[in-house]
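Down below is the structure, laid out as structure tokens.
Just so it is clear, none of the values below were taken in a lab; they were calculated from the coordinates. Since the structure is predicted, the reported quantities are computational estimates derived from the model, not experimental observations. For neighbour counting, all protein chains shown are included, and Cβ atoms are generated from backbone atoms with ideal geometry for every residue, glycine included.
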Amino acid sequence: MTTIDPYTKIHKALRRDMFACLTTLGSLDTSDASAVERARAQVTTLLRDLHSHGEHEDHFLGPVLFEYLPEHAARLAEQHRSLDRGLEALAQRFADEAFSGPEALLAGYRELAAYTAAYLEHLAAEERALPDLAGSEPQVALMAAMAAFGASRSPAEREYSLRQMLPALAHGERLEFLRGFLAAPEPVASAARSIARDVLGDRAWSVIDRELIASAP
Ligand SMILES: [Fe+2]
């Protein structure tokens, strides 16, 4: 049985988004109003995505973890609460003054960098426990949890995930992720193809498309 890994792909996307946001803020000119607006939107999206990611984990994976790894599950749930408090503080800082000038921006940048460090450690702790869930019972429970999560997502949310995750993934992971979308009925499969071409570029997409066709059942 293939091991169910609910973490790696979305965690790669979140790591990419955190570093992209820090890169934006680190080089932002606060006198450039349109650049500031783009940066503000990027921060808002990042904070929203980090919050909803923790919520999804608590709701869909939490019960599986509490069943099979209760101490680990309790630690992660506490980390989610603490990380959420950090998100609220960041949201406040970036809503209030962080874009008002270079010094305020540097303070916000440093706060997001420190938060990123804590978040990275949390993601690593989640992934380190994956081997402890390799037994057949937890694997079946994880499979059911992932199916329930998939069923809870609207078409727009699925397309958003595709755009967010594909660029962050290695070639084999992209293929694996896309196969699920392309096996879906139309118009989902066509929309997935067009999003993949859009975010990966024509050249990368044509390589992936050939492999998907070659390996189609
Ligand atoms: Fe988490």
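Observations
- Cα centre as origin, Lys/Arg/Asp/Glu Cβ charges: segment 89-213 dipole, Debye: 400
- Segment Ala204-Ala117, extension gain: residue separation times 0.36 nm, minus the distance between their alpha carbons: 28.2 nm
- Dipole of the chain, positive direction: furthest Cα of Gly62, Ile213, Ser154, with charges on the beta-carbon: Ile213
- Total charge dipole magnitude, segment 100-169, about the Cα centre, Cβ charges on Lys, Arg, Asp, Glu only, Debye to nearest 20: 240
- Label point distance in nm, Arg75-Ser136, each placed 7 Å from Cα along Cα→Cβ: 2.9
- With a Förster radius of 41 Å applied to the C-beta separation of Glu103 and Thr3, the computed FRET efficiency comes to 0.30.
- Percentage relative contact order, the chain, counting C-alpha pairs under 8 Å, at least six apart: 26
- Sorted by Cβ density within 10 Å, fewest first, the residues Asp202, Asp132: Asp202, Asp132
- Size of charge dipole - segment 1-80 - debye, nearest 20, with Cβ of Lys, Arg +1 and Asp, Glu -1, no other charges: 280
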